[in-house]
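First the structure, in the form of structure tokens, and then the observations on it.
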Amino acid sequence: LSPANRRWILWFILFGFAALAFGVFQGFVQGLNYAGISLFTFLPGMKTYYEGLTAHGVLNAFIFTFAEANGWLSLTTARALGRNLNSKLLALSFVLLVLGTVFAGIPIFLGKASVLYTFYPPLRAHWAFYFGIALAVVSTWIISAAQLWALAEWRKEHKGERIPLMAYVSIMTYIMWDISSLGAASEDLFLLLPWSLNLLPGSDPLLSRVLFWYTGHQIVYYWLLPAYVSWYIFIPRMVGGKLFSDSLARIAFIMFVVLVPVGFHHQYTDPGVGNYYKIAVLFLTFGIAFPSLLTAFSIMYALEIGGRANGGKGILGWFLKLPWTNPAVSAQVLAMIAFLPGGITGIMNASYNMNLLVHNTTFVPGHFHLTLGSAVTLSYFGIAYWLIPYLTGRKLVLEKIAKWQPWVYFLGILIFARGEISGGILGMPRRTALAIINYEPLPGWKLAGALTGIGGTIMFIGCVLFFLVIFFTLMQGKKMESTGDLPFTETYLGAAPSGWQLILDKLSYWVLLSFILIALVYGPFLLTHLPPKLTSPPFQGF
Ligand code: HAS
């Protein structure tokens, strides 16, 4: 890795964690809200509940995830292809992400963009907010361009060879995101930004929501797949095992690229969306859960191979023999375990009649803190425990704290999610400042809210411990003589040089298939809803 590549990748990783650090303070306050404790105005600059919730969502769901994916998957692509990514593109992408964060962040902290991370019109934010979000998305596209450029160069020198698996999964993640981000990006650039500048007479809330959720479901896989890259490519080796099958891993990533049009499942209760769309995405959503089931099989098998190699016996004895004292492993295996109920609650959300019960309740944040808040965030904690030493050449310090940190966070998330999920089933509303409004709680809400507050506090402590370890590693970690190579895995069934598997590497086929499916699901809607009906006045003008 060239010094310039290494530098920009490190900056991405650190910037992402800095965004997470700011965001989790807001998250802590949001968790306490459900326990009836109002600290909304306690944090500097925060005046309302919705300001804090917007800051929490934007910093943790967008900036943290974009920065980590940009850095992490640039590294895996560069190493797998044996060539650096274009450093100027990495630098440009980083600068745009920082500028995007500043542009989006300032209006949030000034109370001029309390529109939450879903920014539904007719709620209207300051134009700088929409501009900042656009810059952040463009920064991800630049990384994708850098990856594809490196792949094109690699292909010239490796005619007829299979794309190395580590590069394949990293590049497919970004291809999936390129296709998926088009909805919210066009909403932002063509509808909301000009509207916020008074260049358009009004907004079209229905069309905007549809464009947002077209991206809004797939963004969850842009958050998740970098963790899958680590689970597929690094965890098997770290636990002493091997990945089962190269092709099975490729097939899982292809499914994420093809099954893009599922966003309408966020709109089952939306009266403006017809039944055709709701039924179509119901089946497609069950389809897109399937590659995660493939992943569960592949990774569990790799863990079992490792556990047995370490002397584990019996049906589950191998599980205890995993290298639990290595925080890079324990954080990620705990992330996987949290993802089991995270996935189950996702499938419950996707089931139409169940969704009617839980939509807009705390069940939904319960689900996404088990997925984004655990599967993804805990995985990044685990990755950081070896990646920061690798990138900086400094040995990890405070190792005892690092060993306990994933467990503290994991315990927190279990209690938090138990509160949110049970409260949600009992109708406890999400996005509501329960601590300050006058309401009569339904039976069960008090216990659910208290568990949410307690779990959220423990999660927050888990985050603080992580930041302590990383901060002191950067400041005081002993310089190592060599950092070695990335610890990536071997596969039992490797990439066959010929046969049917070759089709898996024809990336353009899968992109084409994805666009056909998108046209079938979204085409009829767009044909009947374009041009936009810009008749809705802003709810909150500037
Ligand atoms: Fe979701 C809402 C459906 C996955 C995030 N989701 C959200 C929102 C977010 C989010 C942020 O259908 C709220 C948006 C908002 O603000 O309104 N989601 C799904 C489905 C899946 C799913 C079907 N979601 C995710 C992931 C996320 C995420 C991943 C973030 C990273 N979600 C929905 C729906 C809604 C929704 C509706 C709308 C709800 C509403 O009404 O508002 C699936 O992809 C999940 C598949 C996952 C699995 C689990 C596989 C397990 C694995 C671990 C293996 C374990 C091992 C270790 C190896 C099937 C891979 C085990 C060892 C042992 C010894 C046991």
Checklist line | Highest average packing first - 310-322, 380-392, 192-204, Cβ atoms within 10 Å | finding: 380-392, 192-204, 310-322
Notebook entry, point to check: Do you know the relative contact order of region 262-365, to the nearest whole percent, from alpha carbon pairs under 8 angstrom that are 6+ apart?
Noted result: 25 percent
Notebook entry, point to check: Given R₀ = 41 Å, FRET efficiency for L110-Y492 by Cβ-Cβ distance, to 0.05?
Noted result: 0.15
Notebook entry, point to check: If one computes the Cα centroid of region 453-473 and of region 408-434, what distance in Å separates the two points?
Noted result: 19 Å
Check: Given +1 on the Cβ of Lys and Arg, -1 on the Cβ of Asp and Glu, and no further charges, what dipole in debye does region 393-542 carry about its Cα centre, rounded to the nearest 20?
Finding: 360 debye
Check: Relative contact order (percent) for region 210-303, with alpha-carbon contacts under 8 angstrom and 6 or more residues of separation?
Finding: 43 percent
Notebook entry, point to check: How far apart, in nm, are two points set 7 Å out from the Cα along the Cα-to-Cβ line at W324 and at N438?
Noted result: 5.2 nm
Checklist line | Farthest toward positive dipole pole in the chain [+1 Lys/Arg, -1 Asp/Glu at C-beta], among S139, N360, L284 | finding: S139
Notebook entry, point to check: Going highest first, how would you order 164-171, 99-106 by mean Cβ packing within 10 Å?
Noted result: 164-171, 99-106
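Place the peptides 471-483, 225-237, 173-185, 78-90 in order of packing, highest mean first, counting for every residue the other Cβ atoms within 10 Å and averaging per peptide. Write down the numbers at each step before the final one.
Details: 471-483: 12.5, 225-237: 25.5, 173-185: 23.1, 78-90: 19.5.
So the peptides 471-483, 225-237, 173-185, 78-90, ranked by packing, come out 225-237, 173-185, 78-90, 471-483.
Explain nothing, just the number: dipole magnitude of region 244-379 about its Cα centre with +1 on each Lys and Arg Cβ and -1 on each Asp and Glu Cβ, in debye rounded to the nearest 20.
In debye, rounded to 20, region 244-379 gives about 280.
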Checklist line | the chain - percent relative contact order, Cα under 8 Å, separation 6 or more | finding: 19 percent
Next item on the list: On a C-alpha basis, how far is the centre of region 31-106 from the centre of region 111-176 in Å? Whole number, if you could?
Entry: 14 Å
Notebook entry, point to check: Using +1 on the beta carbon of Lys and Arg, -1 on that of Asp and Glu, and nothing else charged, what's the dipole of the chain about the Cα centre, debye to 20?
Noted result: 840 debye
Next item on the list: Could you tell me what percent of the accessible area of the chain is made up of carbon and sulfur, with a 1.4 Å probe and every protein chain present?
Entry: 71 percent
Next item on the list: Using +1 at the Cβ of each Lys and Arg and -1 at the Cβ of each Asp and Glu in region 345-475, identify which of I425, I413, V397 lies farthest towards the dipole's positive end.
Entry: V397
Notebook entry, point to check: Which distance in nm do the two modelled labels at I279 and W149 give, with both placed 7 Å along the Cα-to-Cβ direction?
Noted result: 4.8 nm
Item checked: Whole-Å distance, taken between Cα centres, linking region 241-263 and region 342-405 -> 20 Å
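The values are calculated or read from the model by the stated rules, or taken from the named source; none is laboratory data. Remember, predicted model here, so these are calculated numbers, not experimental data. We place every Cβ from the backbone using ideal geometry, glycine too, and count neighbours over all the protein chains shown. Just so you know, the surface numbers come from the protein's heavy atoms only, side chains and all, with ligands and any DNA or RNA stripped out. Shrake-Rupley method; radii C 1.70, N 1.55, O 1.52, S 1.80 Å.
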